[in-house]
1. Treating only the Cβ atoms of Lys and Arg (+1) and Asp and Glu (-1) as charged, compute the dipole magnitude of the chain about its Cα centre; round to the nearest 20 debye.
2. Is any helix in the chain, taking whole DSSP H runs, at least 27 angstrom long along its axis by alpha carbon and on average at least 0.5 on the Kyte-Doolittle scale, and which ones?
3. So for D257, D413, what's the accessible-area order with a 1.4 Å probe, most first?
4. Just to be sure I follow the definition: excluding the sites themselves, where is the longest run in the chain that has none of the GluC sites (Glu not before Pro) in a DSSP loop with at most 16 other Cβ atoms within 10 Å?
5. Loop only by DSSP, 15 or fewer other Cβ within 10 Å of the Cβ. Give me the chymotrypsin sites (Phe, Trp or Tyr not before Pro) in the range 238-320 that pass, ordered by residue number.
6. State in Å² the accessible area per residue of the range 245-319; use a 1.4 Å probe, count heavy atoms of protein chains only, and round to the nearest integer.
7. Which order do Y76, Y396, Y464 take when ranked by solvent-accessible area (1.4 Å probe, heavy atoms of all protein chains), largest first?
8. With every protein chain left in place, what is the accessible area per residue of the range 353-478 in square angstrom, probe 1.4 Å?
Amino acid sequence: VLLVFLIASRLPGSREFKGVPFLSALLFGLHPINSESVNWIPGRTDLFAGMFIFFAVYCLIRAIQEQSTRLAVLAYGVAMVGTLSKETAIMFIPAAFLVISYWPVVPQDVSSYRTWRTRFLLIPIVVSFCLVSLILTAVYAKGHGNNALSLIFEGGTNIFIRSFEAFGFYVKKLFLPLPLNVAIVEVDPLYAIAGIIVLCVLVVTFRRSGISGIFFALSVLFTLPALLIATTYFTWTPFGERYLYIPSAFAVIGCLDLSHRYLVRWNVVKWFIPIVSIIIFMASIVTVQRGILWGDNLALLEDIVAKSPDFGVARNEYGVLLKQAGRYNEAENQFKIALQQKNKENVNRIIRLNLIWMKIRAKQPAEVRQILLSEIGNKATCDIELLKLLGRYDEYFFGKTESIEDRRKIAGDIITTNEILYQKTHEPHYLYRSGQISLSIGNKQNAAVYFRKAYENARPDAYYREPARRLAEKLVAK
């Protein structure tokens, strides 16, 4: 918020009237669209990147106004740190070129200024652009369809249509953020029309908008990575309010600067502060309510499921929270609904595991084991988590059983399960445990084999490695 205030303070006329910088910072800080980035822990990357990018833009504007090489170097250095926080900060390169090219400056010595600008501003930007282009080209060449760049260049016209849909949607979100939702899966295709219209208006009016046009262009540039995400499905939701954290700052400054200039021209500038103050007050109410909602996981998931009923991931998480709250019937119902949605296979796997957990809940161990066996079917193709759970119940019965014949039968089941788990996970502890089980039923030869394999494949710091070696040597000696 302080950095947004400092950026807006570099606007012409801001020394005489601090209303635009102050209200810009306040509106940015209380804008409902930013509640997700601030409240959600994974959204902290947007805060980190935003902090560095805002500071870099502030230093760059000051460097241009004061012809300061030190501030120019600082701007590039801070921007680089921003890209280490979140890769979308790489958009500072075209953003800096835009600011350098169009920020209004009236130098005393035009020739000297242009030489300085070329040497310390434009050349570093061009070099940075070339380096990034080489890196992206290498990533694309190596990806062979397995990264976002490949999908962008090989996606056809649908990529562009979906990009305009996302752009129109994000423009609407900046001005009308409600309803707020952390799990936005699809948007209305008509947003593509709005996106095309807004983009054309921005291009046509760029020169006439002055500094406001620069800030609108910056907002668009930092929205571009969000459009890439919307077209590639590389994240758990293709659309996200958190992606507007950085763009919203530039959009707010541009809107308030443009509004103030028009109100001055129309001789009604006295309404500027009251109108913006009302907007900020209304935004703050929504932001506070959203912050309270984010403080309650169960209430937040209820809100997500209500707004995105076909999103299986959210329903599964909602079911988990209901289960933790002891509302088992409701949880099971959410898992069943979630499984009917169009989910990725890894999501369906988790949902199925949760449904199986609901089946075995409050059941006796013997009944649980039968349910697990019926669900598992073929152990070789079964889910790892189910095999682990079956192994724990088999070991429970192994410890309770006194009949030698039954113990040997259960031991055989445990060893078979452990062998499959070792093949799937490459965790030698399953071999060590099979050795212990074999030893407990008197099969010393097999026990020695398992202990030897466990020793040979275990990590050097594994607690069972040395015991496995000693037991293997002892059994072989006997």
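The values are calculated or read from the model by the stated rules, or taken from the named source; none is laboratory data. It should be emphasised that the depicted structure is a prediction, and the values quoted were computed from it without experimental measurement. Here Cβ is always computed from backbone atoms with ideal geometry, including for glycine, and neighbour counts include all displayed protein chains. Just so you know, the surface numbers come from the protein's heavy atoms only, side chains and all, with ligands and any DNA or RNA stripped out. Shrake-Rupley method; radii C 1.70, N 1.55, O 1.52, S 1.80 Å.
1. Taking the Cα centre of the chain as origin, the dipole is about 680 debye.
2. The qualifying helices are 44-66, 123-143, 157-175, 211-232, 245-265, 272-294.
3. Details: D257 15, D413 40 Å².
Result, largest first: D413, D257.
4. With GluC sites (Glu not before Pro) excluded where exposed in loops, the chain gives 187-401 as its longest stretch.
5. W266
6. Details: 3740 Å² over 75 residues.
For the range 245-319, the solvent-accessible area averages 50 Å² per residue.
7. Result of the area sort, largest leading: Y396, Y76, Y464.
8. Using a 1.4 Å probe on heavy atoms only, each residue of the range 353-478 averages 58 Å².
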